[in-house]
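Chemist: Following this message is one structure expressed as structure tokens.
Values quoted throughout were computed directly from the atomic coordinates according to the rules given, and no laboratory measurement underlies them. In this text the structure is predicted, and so the values were computed from the model without any measurement. Here Cβ is always computed from backbone atoms with ideal geometry, including for glycine, and neighbour counts include all displayed protein chains.
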Amino acid sequence: MLERFTEFIKSTVTSLEFMLKSKRNPKDFTRNRKLSFSMNILLVLSILNHSIQTGIDQFLIEVETGFDTYSKQAFSQGRQRILPEAFLDLHKKSVEFFYNEADYETYFGHRILAVDGSKINLPYNKELLDIYGSQKSTNDLVQALASCVVDVLNNTILDGIMAPYDSNERKLAE
């Protein structure tokens, strides 16, 4: 199953259609650089559980890129050229793949879903402050409310949303 999923992700991120709708600017990823669009996506996904430089170093070894250095600055620049919606689309496709291909757990034929919300602190900048707001007592602390729907038997996040910190959790769950 893991091998099929890995191949599914690779084929998705290497498709021309996915790249064209997922890059910020039509000129992005047109020059021959160390890491292509798809390699940038795979790198972002591979460092989720590591510091940036450790993740980059491990990625370069595991993927056998042919070079042994790649800076955090180059990584950051590559990541900036990818639309956030690319990762949302990839997550949606991954969930669909899981439920179509995996032998997933159910409880008497039903999936058990839970919804949970959590306040998260965000870096301070004017744009994030305008979108998510802050508590009145701490105007310099930007906070958002994150809410996720989770398949608890399969440890799978089905959907998630970030909203202003003072949003209603029940409304987000709906």
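Chemist: For segment 26-102, compute the orientation-averaged projected area of the C-alpha convex hull (one quarter of its surface), in nm². Spell out each step's value before the answer.
Modeler: Details: hull surface 24.4 nm².
Averaged projected hull area, Cα only: 6.1 nm².
Chemist: Using a Förster distance of 45 Å, how high is the FRET efficiency between Asp166 and Tyr107, based on the Cβ-Cβ distance and rounded to 0.05? Spell out each step's value before the answer.
Modeler: On the way: r = 35 Å, r/R0 = 0.77.
Given R0 = 45 Å and the Cβ-Cβ separation, E is 0.80.
Chemist: Return a single number: how many Lys pairs in segment 75-174, at a sequence separation of 8 or more or on separate chains, have alpha-carbon atoms below 29 angstrom apart.
Modeler: 9
Chemist: For Asp103, Asp151, Asp57, what's the fewest-to-most ordering of other Cβ within 10 Å of each Cβ? Intermediate results must be reported in sequence, preceding the final value.
Modeler: Working: Asp103 5, Asp151 19, Asp57 16.
Sorted ascending by nearby Cβ count, the order is Asp103, Asp57, Asp151.
Chemist: In addition: Can you pull a Stokes-Einstein diffusion coefficient for segment 106-173 at 20 °C (1.002 mPa s), Rh from Kirkwood over Cα pairs, as a whole number of µm²/s? Mind dumping the intermediate values first?
Modeler: On the way: Rh = 13.2 Å.
Translational diffusion coefficient: 163 µm²/s.
Chemist: For the chain, would you read off the P(r) tail past 28 Å as a percentage of all alpha carbon pairs? Mind dumping the intermediate values first?
Modeler: On the way: 5776 of 15051 pairs.
Taking all Cα-Cα pairs of the chain, the fraction more than 28 Å apart is 38 percent.
Chemist: Per-residue ellipticity at 222 nm for the chain, helices alone: DSSP H runs ≥ 4 residues times -39500 (n - 2.57), over residue total, nearest 500 deg cm²/dmol? Don't skip to the answer; put the middle values down first.
Modeler: Details: 8 runs with 79 residues, N = 174.
Rounded to the nearest 500, the figure is -13500 deg cm²/dmol.
Chemist: A follow-up question, please. When we measure straight from the Cα of Lys34, which lysines land under 24 angstrom away, once same-chain ones fewer than 8 places off are left out?
Modeler: Within the straight-line cut-off, Lys34 pairs with Lys10, Lys21, Lys23, Lys72.
Chemist: When N is the residue count of segment 135-174, what does its C-alpha Rg come to as a fraction of 2.2 N^0.38 Å? Intermediate values should be presented prior to the final figure.
Modeler: Numbers: Rg = 12.9 Å, N = 40, 2.2 N^0.38 = 8.9 Å.
The value comes to 1.44.
Chemist: Here is a follow-up. Run the dipole for the chain about the Cα centre, Lys and Arg Cβ at +1, Asp and Glu Cβ at -1, nothing else charged, and hand back the magnitude in debye, nearest 20. Provide the component values of the computation, followed by the final result.
Modeler: Numbers: 20 positive and 23 negative charges, 166 e Å.
About 800 debye.
Chemist: Dividing the convex hull volume of the alpha carbon atoms of segment 69-140 by its residue count, what do you get in Å³ per residue?
Modeler: Numbers: hull volume 13.4 nm³, N = 72.
Given the Cα convex hull of segment 69-140, per-residue volume reads 186 Å³.
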